[in-house]
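What follows is a single structure, and I will ask about it in a moment.
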Amino acid sequence: MLNTYSTKENKRYYGEHLTPVDIFHRFIYPEIKDKLYNYIWIDLYAGKGNLILPILEKIPVNERINFFQKHIRLFDIQDEMVKHMINKVVKEYNIPLHIAKKFIQKRDNLKNFPLNLLKENLPLFHITNPPYLYIGYIKKHQTENKYKKYLDYFTNGREKLQDLYQIALFNDLKANIKNMVYIIPTNFIYGKSGSNEIRKVFFPYYSIKKAYLIEDKIFESTGINVGIFFFQKKKQISYNAIEFPATKIYKNRSITKIITLKKDYNYIAGNEFEEYVRNHKKNNLNISFYLMKDEVLNNKGNNKVILLNANKYNKSKGEYEKEIYYVNDHLYKKIKSNILWIRTVDTGSCNGRAGLYSITDLGVDGIITEKPYRTHPIQIFFDPELSIEKQIKLKEEFNSCLEYLRELTDSEFMTTYKYSNSEYTRKYLGLSQVKKLISTLEL
Ligand SMILES: C[S@@+](CC[C@H](N)C(=O)[O-])C[C@H]1O[C@@H](n2cnc3c(N)ncnc32)[C@H](O)[C@@H]1O
């Protein structure tokens with residue numbers, strides 16, 4: 001029979017990204033080593049058991065069977081994973097097969113929490129890296145029955161959640177689990193519409209004791225950035241700010257800083273940006289983005305302009321194609337009097353950081369867009385018109401203000417742009433953030 005369990009599609013479907021055991025030893029074990037006998041250690045989405053089974057290595061050989069029965073419960077939805085774990089504990093830790101089968105089971109735990117566990121006589125400690133799958137992807141693929149099934153998870157009070165990992169967190173909250181370690185996308189604290197709802201329901205009940213934000217690639221098959229979050233249930237519901245030390249790990253360098261999540265800012269990390277903008281508003285300039293091809297074609301005339309085509313990147317030359325157009329006086333004036341473009345994504349090198357740049361330096365008059373992509377070079381238009389001198393000054397001030405805020409927040413208000421092997425973590429600056437930042441500049 002064909003074994004599908006490591007195909008790419010299967011990995012996506014089951015959100016199967018197994019955590020390297022080393023992550024357990026480096027980051028999780030030091031936090032739990034003094035309380036191994038105080039809890040039942042569970043992983044409801046256990047894969048090959050990499051986050052829990054290494055605990056057994058720390059238990060003296062003659063105590064392992066006892067410890068396993070009393071302190072370990074593992075589940076997965078895939079037969080292959082369950083078999084793998086059973087096999088492993090039997091072979092590597094000498095656990096009798098019938099005992100292994102009793103405590104390592106196949107179950108759909110996203111559907112509902114295995115309530116039987118709550119009847120045991122020790123508290124549960126959930127260490128997991130649950131499946132991740134964004135609702136947008138599920139909806140897009142709902143014509144395939146297997147994905148359609150996933151929509152059922154987003155019912156029963158879970159309608160507004162946006163990802164499978166959030167269903168897992170929500171289920172733990174409802175089951176009143178007091179201690180959890182979750183390895184989940186850092187989008188959990190940095191995301192906007194993709195994670196506002198889960199933060200809103202979760203943080204009145206849980207605090208974060210600490211977190212590791214891993215900016216290196218840790219899974220074989222995905223470059224998604226993840227964090228290891230140590231959650232603890234609060235004694236009572238509260239809307240106070242959540243404050244925790246977060247250690248960022250990037251290429252074996254680490255820095256620790258305090259992150260504060262405030263209810264007024266939807267518990268989003270990096271709210272210093274929003275606070276700064278709110279407190280420093282200085283102008284009411286209207287800003288629009290993109291010179292669309294339609295506009296150029298609808299304003300034909302006799303004035304020659306050379307435009308960089310943002311949709312035509314020539315890989316072999318390593319540059320965008322330049323095209324010649326003839327436009328009327330009105331559009332000519334508009335193009336020539338707006339000389340700035342925004343780079344929304346860091347290139348990864350020091351002189352290619354997100355920010356405002358001069359179009360003249362590209363050797364063209366403007367930037368034409370056939371199909372808008374937020375990560376392409378984008379021309380900016382000001383209304384009312386700004387003199388060239390003022391635009392140059394605005395560019396300098398914008399870039400230094402952006403760098404100041406990046407330094408202050410370690411670029412947290414920006415979105416991490418995939419894992420990449422560059423000098424620093426590449427970030428994306430949203431166009432609404434560009435507008436907000438410009439509104440703080442003196443003209
Ligand atoms: C991201 S992997 C992580 C596995 C393991 N926790 C680790 O860190 O190595 C998620 C696992 O959840 C399992 N899974 C997916 N949906 C599930 C469900 N509804 N119930 C239980 N397990 C599920 C997948 O088969 C996969 O092995």
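Take the conditions within 25 Å of T415 (Cβ to Cβ), not in a loop (DSSP other than H, G, I, E, B) and not hydrophobic (A, V, I, L, M, F, W, C) and apply them to Y276. Does it pass?
Judged against the criteria, Y276 is a match.
Run I258 past the list (1) aliphatic (A, V, I, L, M); (2) crowded, with 18+ Cβ neighbours inside 10 Å; (3) outside the structural domain of E323 (by TED's automatic domain parsing) and report the number of the one that doesn't hold.
Every listed condition holds for I258 apart from (2).
Return the only residue of I392, I438 being out of contact with any helix residue (DSSP H, G or I) (no Cβ under 9 Å at 6 or more places or on another chain) and at negative phi.
On the way: I438 fails: out of contact with any helix residue (DSSP H, G or I) (no Cβ under 9 Å at 6 or more places or on another chain).
After ruling out the rest, the residue left standing is I392.
Moving on. Could you tell me how many of the residues in region 45-92 are part of a loop (DSSP other than H, G, I, E, B) and within 16 Å of the ligand (Cβ to nearest atom)? Give the steps one after another, and end with the answer.
Within region 45-92, the subset part of a loop (DSSP other than H, G, I, E, B) is 45-53, 58-60, 77-78.
From what is left, the residues that are within 16 Å of the ligand (Cβ to nearest atom) are 45-53, 77-78.
So the count comes out to 11.
A further question follows. Of everything in region 215-237 that's surrounded by fewer than 20 Cβ atoms within 10 Å (Cβ to Cβ) and within 14 Å of the ligand (Cβ to nearest atom), which residue is nearest to F170 (Cα to Cα)?
I224
I'd like the full set of residues that are in a helix (DSSP H, G or I) and farther than 21 Å from K209 by Cβ, limited to region 238-264.
Restricting attention to region 238-264, the residues satisfying the condition of being in a helix (DSSP H, G or I) are 263-264.
Matches in region 238-264: D264 only.
What are the residue pairs meeting all of these: first residue in region 417-441, first residue at pLDDT 95 or above, second residue among the aromatic types (F, W, Y), Cβ atoms under 6 Å, and 6 or more apart or on different chains?
Partner pairs satisfying both residue conditions: L431/F289.
Of I32, I42, which residue is more than 10 Å from the ligand (Cβ to nearest atom), β-branched (V, I, T), touching a residue at least 40 places away in the same chain (Cβ under 8 Å) and surrounded by 21 or more Cβ atoms within 10 Å (Cβ to Cβ)?
On the way: I32 fails: surrounded by 21 or more Cβ atoms within 10 Å (Cβ to Cβ).
Exactly one of I32, I42 is more than 10 Å from the ligand (Cβ to nearest atom), β-branched (V, I, T), touching a residue at least 40 places away in the same chain (Cβ under 8 Å) and surrounded by 21 or more Cβ atoms within 10 Å (Cβ to Cβ), namely I42.
Scan region 120-153 residue by residue and report those that are outside any loop (DSSP other than H, G, I, E, B), within 13 Å of the ligand (Cβ to nearest atom) and buried (at least 16 other Cβ atoms within 10 Å of the Cβ).
H126, I127, T128, I138, Y147, Y150, Y153
Only one residue in R158, R107 is among the basic types (K, R), near the ligand (Cβ under 10 Å from one of its atoms) and surrounded by 13 or more Cβ atoms within 10 Å (Cβ to Cβ). Which one?
Details: R158 fails: near the ligand (Cβ under 10 Å from one of its atoms).
Sole residue among the options that is among the basic types (K, R), near the ligand (Cβ under 10 Å from one of its atoms) and surrounded by 13 or more Cβ atoms within 10 Å (Cβ to Cβ): R107.
Next question. Which ones in region 172-185 are crowded, with 22+ Cβ neighbours inside 10 Å and either outside the structural domain of T128 (by TED's automatic domain parsing) or assigned to a helix (DSSP H, G or I) (or both)?
D172
Look through L308, L356, L331 and report the one residue that is part of a helix (DSSP H, G or I) and surrounded by 13 or more Cβ atoms within 10 Å (Cβ to Cβ). Show your work before the answer.
On the way: L308 fails: part of a helix (DSSP H, G or I); L356 fails: part of a helix (DSSP H, G or I).
Sole residue among the options that is part of a helix (DSSP H, G or I) and surrounded by 13 or more Cβ atoms within 10 Å (Cβ to Cβ): L331.
Something else: (1) over 20 Å from N303 (Cβ atoms); (2) aromatic (F, W, Y); (3) surrounded by fewer than 19 Cβ atoms within 10 Å (Cβ to Cβ): which one isn't true of Y417, the others all being true?
(3)
Could you please give the count of residues in region 161-205 that are of a type in the set (S, T, Y), within 16 Å of the chain's Cα centre (by Cα) and within 20 Å of N240 (Cα to Cα)? Quick ask: steps written out before the conclusion?
Restricting attention to region 161-205, the residues satisfying the condition of being of a type in the set (S, T, Y) are 165, 182, 186, 190, 193, 195, 205.
Those left that are additionally within 16 Å of the chain's Cα centre (by Cα): 165, 182, 186, 190, 193, 195.
Now restrict to residues that are within 20 Å of N240 (Cα to Cα): 190, 195.
Looking only at that region, the number is 2.
Part of a loop (DSSP other than H, G, I, E, B) and assigned by TED's automatic domain parsing to the domain that holds I177: is that true of F219 in this structure?
On the way: part of a loop (DSSP other than H, G, I, E, B): yes; assigned by TED's automatic domain parsing to the domain that holds I177: yes.
Yes.
The values are calculated or read from the model by the stated rules, or taken from the named source; none is laboratory data. Everything quoted here is computed from the prediction, not taken from an experiment. Ideal geometry is used to build each Cβ from the backbone, glycine not excepted, and the neighbour counts take in all protein chains shown.
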